[in-house]
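Novice: Here's a structure for you.
We did not get these values from a lab; they are worked out from the coordinates using the rules stated. Treat the numbers as computed from the prediction; the structure is a model and nothing was measured. Virtual Cβ from ideal backbone geometry, glycine too; neighbours counted across all protein chains shown.
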Amino acid sequence: MDQTNTLKMPMLGFGTLIPDAATTITATKYALEAGFRHFDGAERYRNESEVGEALKAGLLTNGITREEIFVTTKLWNTNHRPERVEPAFEASLKRLQLDYLDLYLIHTPFAFQPGEEQDPRDENGNVIYDNEVTLYDTWKAMERLVDLGKCRAIGLSDVNLQQLTEIYESARIKPAVVQVESHPYLPETELLEFCKEKGIIFLAFAPLGHGIRPGLLENPVITAIASRLQKTPAQILLSWAIQRGTALLTTPKTEERARENFNILHLPEDAMEEINSIETRQRYNQVVKTGSPGFIPQGFFNA
Ligand SMILES: NC(=O)c1ccc[n+]([C@@H]2O[C@H](COP(=O)([O-])OP(=O)(O)OC[C@H]3O[C@@H](n4cnc5c(N)ncnc54)[C@H](OP(=O)(O)O)[C@@H]3O)[C@@H](O)[C@H]2O)c1
């Protein structure tokens, strides 16, 4: 079965990596009202219950059906052992108050010691990895969820081209989506080309560079295009991402920013070229190196 050609995912997605429970609820509501229809969560964000609560109330109030939205969540590193995949999936589904998922992703390619502690560390503070399970073992358990009709599609996150290729080549059900950090400082062009060739959706996270300042939102190329086109720097960055053929996830927290981020435009070709010519390279999230999530602190990077 090849699911990649049939999956329809809204290109503009709302991410729920929000530490505060009350803000998760209001931001999810604002996103739904602004027009976002893709909601991206994770077991690791520890707020699936709040996302589920906000979606349930939001669908009811706004007369939107479950089928009109696309919900993604992710399997955490401590649940990579095949026998832990379905229970972890079911627990997420319950917290989200849903009876199926549109997309389930393996959050990172790193397996951590199985158990309830999401961030298992030894006495020296080092992450305890699990060497008894491979990414492919976990992938096979993910395929079973599709077979059982519990989720429409499965995919990977925070993988590099080599890891993606290995799974792609051995998989019975090919990854439908790959979620990675991407923006003009981290275009991931090679990975994007592979995805386009294989019909995999490339889903960019941190398209605004996570709002870290100084950073992308203040880049002079971006701000000059924004003033020329009378749009905001955020709208320019989000438009660039969509126009180069990626789907994206952004996390506006206020009603005003939800509307702003949903209101993107078609960029003229010269603006696309100017952005493509930015030479600065910066990764803002270190999760791909260790499996431990975390953005670099504000002010750490001088753009
Ligand atoms: N797979 C993974 O490992 C992984 C890792 C990270 C994220 N993600 C997913 O990707 C989603 C998006 O990532 P992200 O949160 O980094 O996205 P982002 O949209 O690049 O950054 C969000 C931050 O940008 C600021 N912002 C939002 N809209 C703005 C606007 N219009 N103007 C100025 N600043 C604005 C906000 O800062 P304020 O704090 O000022 O509101 C917000 O915290 C996450 O929610 C999560 O679902 C996945």
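Novice: Just in the stretch 88-126: which chymotrypsin sites (Phe, Trp or Tyr not before Pro) are loop by DSSP and have at most 16 other Cβ atoms within 10 Å? Provide the component values of the computation, followed by the final result.
Specialist: Details: sites: Phe89, Tyr100, Tyr104, Phe110, Phe112; in loops: Tyr100, Phe110.
Loop-located and lightly packed - Tyr100.
Novice: Counting each pair of different Cα atoms once, what's the Kirkwood radius of the stretch 12-302 in Å, rounded to one decimal? Let's see the in-between values first.
Specialist: Details: mean 1/r = 0.0511 Å⁻¹.
Hydrodynamic radius (Kirkwood, Cα only) of the stretch 12-302 equals 19.6 Å.
Novice: Determine the dipole magnitude for the stretch 12-302: charges of +1 sit on the beta-carbon of Lys and Arg, -1 on that of Asp and Glu, nothing else is charged, the reference point is the Cα centre, and the result goes in debye to the nearest 20. Walk me through the numbers before you get to the answer.
Specialist: Values: 30 positive and 41 negative charges, 95 e Å.
Dipole size: approximately 460 debye.
Novice: I'd like to compare 168-174, 58-64, 40-46: which one has the highest average count of other Cβ atoms within 10 Å, and what's the full order after that? Mind showing how you got there, number by number?
Specialist: Numbers: 168-174: 14.7, 58-64: 12.4, 40-46: 21.4.
Answer by packing, highest mean first, reads 40-46, 168-174, 58-64.
Novice: Further question: May I have the convex hull volume per residue, in Å³, for the Cα set of the stretch 124-270? The partial results should precede the final answer.
Specialist: Details: hull volume 25.1 nm³, N = 147.
Convex hull volume per residue, Cα atoms: 171 Å³.
Novice: Tilt of helix 161-170 relative to the longest C-alpha principal axis of the chain, in degrees (0 to 90, nearest 10)?
Specialist: Here the helix axis deviates by roughly 40 degrees.
Novice: From the helices alone, meaning DSSP H stretches of at least four residues, give me the mean residue ellipticity at 222 nm for the chain, per-run term -39500 (n - 2.57), in deg cm²/dmol to the nearest 500.
Specialist: Numbers: 11 runs with 118 residues, N = 303.
For the chain, the value works out to -11500 deg cm²/dmol.
Novice: Return the equivalent ellipsoid semi-axes of the stretch 197-303 as a descending list in whole Å, where each equals the square root of 5 times an eigenvalue of the C-alpha gyration tensor. Intermediate results must be reported in sequence, preceding the final value.
Specialist: Values: eigenvalues 92, 60, 48 Å².
After scaling each eigenvalue by five and taking roots: 21, 17, 15 Å.
Novice: Need the full-extension length gain, Glu269 to Ile296, defined as separation in residues times 0.36 nm minus the C-alpha distance. One decimal, nm. If you can, show how the numbers build up before the last one.
Specialist: Details: separation 27, 0.36 × 27 = 9.72 nm, distance 3.21 nm.
Using 0.36 nm per residue and subtracting the Cα-Cα distance, I get 6.5 nm.
Novice: Right, next: State the Cα centre-to-centre distance between the stretch 217-289 and the stretch 35-110 in whole Å.
Specialist: For the stretch 217-289 versus the stretch 35-110, the Cα centre distance is 26 Å.
Novice: How far is helix 233-243 tilted, in degrees, relative to the longest principal axis of the Cα atoms in the chain, given as a value from 0 to 90 rounded to the nearest 10?
Specialist: Compared with the principal axis, the helix lies near 60 degrees.
Novice: Taking the highest mean first, how do the peptides 178-186, 219-227 order by number of other beta carbon atoms within 10 angstrom per residue? Display every interim value, and only then the final one.
Specialist: Values: 178-186: 24.2, 219-227: 17.1.
Top of the packing list down: 178-186, 219-227.
Novice: Follow-up. Restricting to lysine pairs 8 or more places apart or on different chains, what number in the chain have Cα atoms under 13 Å apart? Intermediate values should be presented prior to the final figure.
Specialist: Details: Lys29/Lys56; Lys29/Lys253; Lys56/Lys94; Lys94/Lys150; Lys140/Lys174; Lys174/Lys198.
The number of close lysine pairs in the chain is 6.
Novice: Order of Thr232, Thr165 from fewest to most other C-beta atoms within 10 Å? Display every interim value, and only then the final one.
Specialist: On the way: Thr232 18, Thr165 14.
Lowest count first: Thr165, Thr232.
Novice: Helix 48-62 against the longest principal axis of the chain: what's the angle in degrees, Cα atoms only, rounded to the nearest 10?
Specialist: Approximately 60 degrees, to the nearest 10.
Novice: What residue among Gly35, Gly199, Gly149 shows peak mean-square fluctuation when the chain is described by a Gaussian network model with Cα springs under 10 Å?
Specialist: Gly149
Novice: Quick check: residue separation of Asp20 and Thr254 times 0.36 nm, minus the Cα distance between them. What number comes out in nm? Kindly include the intermediate steps, with their values, before the conclusion.
Specialist: Values: separation 234, 0.36 × 234 = 84.24 nm, distance 1.34 nm.
Stretched fully, the Asp20-Thr254 segment lengthens by 82.9 nm.
Novice: Let me ask another. Using the per-residue mean of other Cβ atoms lying within 10 Å as a proxy for protection, in what order, highest first, do the peptides 21-30, 203-212, 289-298 fall?
Specialist: On the way: 21-30: 18.8, 203-212: 23.8, 289-298: 13.9.
Put in order of decreasing packing, that is 203-212, 21-30, 289-298.
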